[in-house]
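What follows is a short report on a single structure.
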Amino acid sequence: MTALRPKYISFDCYGTLTWFQPGETAARLMADRIDPARMPAFLTDFMWYRYDEVLGAWQPYVDVLKNALERTCKRHGVAFREADGQAVYDAVPGWGPHPDVPAPLTRVGQRYPLVILSNAMESQIHQNVALLQAPFHRVYTAEQAGAYKPRMRAFEYMLDMLGCDPAQILHVSSSLRYDLIPAHALGFGHRLYVNRGYEPSVPYYAYHETTTIEGLAELLGC
């Protein structure tokens, strides 16, 4: 397991390193219109509409959230307030790391160049990265790439900027659909699934798996 010696370790940020909370935020905002018994279904639909919104041409992330929330409200037959979508967006920079992240990530960062590839805006991501308390070599965003993950164009932008072959990278994410499936398709040398319970494992895609960033450190012998 410790034979891995990647040139770079790239990460998804939100969900993998940062505790991503759009559902929790939306639940508070929608509590006056959605019955508690219906809220889980509403939040699941909000998740899938966010995914659908990033599959097309790039748009600002605030529009991704507003459009996804509006479509979810329409599906559930409740009033949409644009201010709610804005409120979810405005909350993002204040979200900090999962508790398991800062210490092992810092150890790994002392031995390997760490890179973030995030579905984020420039105005958001750097505040979240600062809260991770670890050294990063580069931070790349969907805004820079002009494309959101899972589109391959987003990964190709990172590869072009780093000037390296995908086989030289270990990509780490808590999402198969956004990250690890396209990384598999592009030939990333190693993939690590941080299983935080968001999605089921799919062993076909041949990745390492852990539940914490400490597991990444153990994989690399850090």
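Points to keep in mind about this one:
- Evaluation of residue 197 against the conditions (1) at negative phi; (2) modelled with pLDDT under 95 shows that the sole unmet condition is (1).
- For the stretch 64-105, a tally of residues being more than 19 Å from the chain's Cα centre (by Cα) and over 19 Å from residue 120 (Cβ atoms) returns 16.
- Number of the exception - residue 61 against (1) over 18 Å from residue 141 (Cα atoms); (2) under 16 Å from the mean Cα position of the chain (by Cα): (1)
The values are calculated or read from the model by the stated rules, or taken from the named source; none is laboratory data. This structure is a prediction, so every number in the text was calculated from the model and none was measured. Backbone-built Cβ (ideal geometry, glycine too); neighbour counts: all protein chains shown.
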